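**Q** The following block contains the structure, expressed as structure tokens.
The values are calculated or read from the model by the stated rules, or taken from the named source; none is laboratory data. Since the model is a prediction, treat every value here as computed from it, not as a measurement. Neighbour counts run over all protein chains shown; Cβ positions are idealised from the backbone, glycine included. SASA here: full protein model, heavy atoms, side chains in, ligands and nucleic acids out. Shrake-Rupley method; radii C 1.70, N 1.55, O 1.52, S 1.80 Å.
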Amino acid sequence: MAIIVNLDVMMAKRKMSLNELSEKVDITLSNLSILKTGKAKAIRFSTLEAICQALDCQPGDILEFREE
């Protein structure tokens, strides 16, 4: 089982840079980068909520499940 993080796709659709999202969500660039590259082991619901608010999207737009 694999969870795919499509944060970069949503950022591109909204024409938002990593720096801009980092400022809006109040998350460090390094933590946001770890999430964006799919290397994160977990995400807090409060962080996911803030990202969804900033990108005007649903959690399912960012996170995707794929069977391996």
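**Q** Select from the stretch 1-32 those trypsin sites (Lys or Arg not before Pro) which occupy a DSSP coil region and have at most 12 other Cβ atoms within 10 Å, ordered by residue number.
**A** Details: sites: 13, 14, 15, 24; in loops: 14, 15.
Here the trypsin sites (Lys or Arg not before Pro) that fit, given the DSSP loop and packing criteria, are 15.
**Q** If packing is taken as the mean number of other Cβ atoms within 10 Å per residue, what is the order of 36-43, 53-60, 5-12, highest first? Could the numbers behind the result be given before it?
**A** On the way: 36-43: 11.9, 53-60: 13.6, 5-12: 16.8.
So the order, starting with the most tightly packed, is 5-12, 53-60, 36-43.
**Q** In addition: Can you give the relative contact order of the chain as a percent, counting alpha carbon pairs under 8 Å and 6+ residues apart? Could the numbers behind the result be given before it?
**A** Working: 60 pairs, mean separation 39.1, N = 68.
58 percent.
**Q** Just to confirm the number: angle between the C-alpha axis of helix 45-55 and the first principal axis of the chain, 0 to 90 degrees, nearest 10?
**A** With both axes taken from Cα atoms, the answer is about 60 degrees.
**Q** Against the globular-protein guess of 2.2 N^0.38 Å, express the Cα radius of gyration of the chain as a ratio, rounded to two decimals. Show your work: numbers first, answer last.
**A** On the way: Rg = 11.2 Å, N = 68, 2.2 N^0.38 = 10.9 Å.
After normalising by residue count via 2.2 N^0.38 Å, the value is 1.02.
**Q** Let me ask another. For 67, 49, 20, write out the residues from largest to smallest accessible area, computed with a 1.4 angstrom probe and no ligands counted.
**A** Numbers: 67 155, 49 110, 20 75 Å².
Descending accessible area places them as 67, 49, 20.
**Q** Another question, if that's okay. So who's got an amide H within less than 5 Å of the one on residue 38, skipping anything under 5 residues away but keeping other chains? H placed 1.01 Å off N, in plane.
**A** Close amide H contacts, sequence-distant or interchain: none at all.
**Q** How high is the FRET efficiency between residue 46 and residue 3 when r is their beta carbon distance and R₀ equals 22 Å, given to the nearest 0.05?
**A** On the way: r = 18 Å, r/R0 = 0.83.
Given R0 = 22 Å and the Cβ-Cβ separation, E is 0.75.
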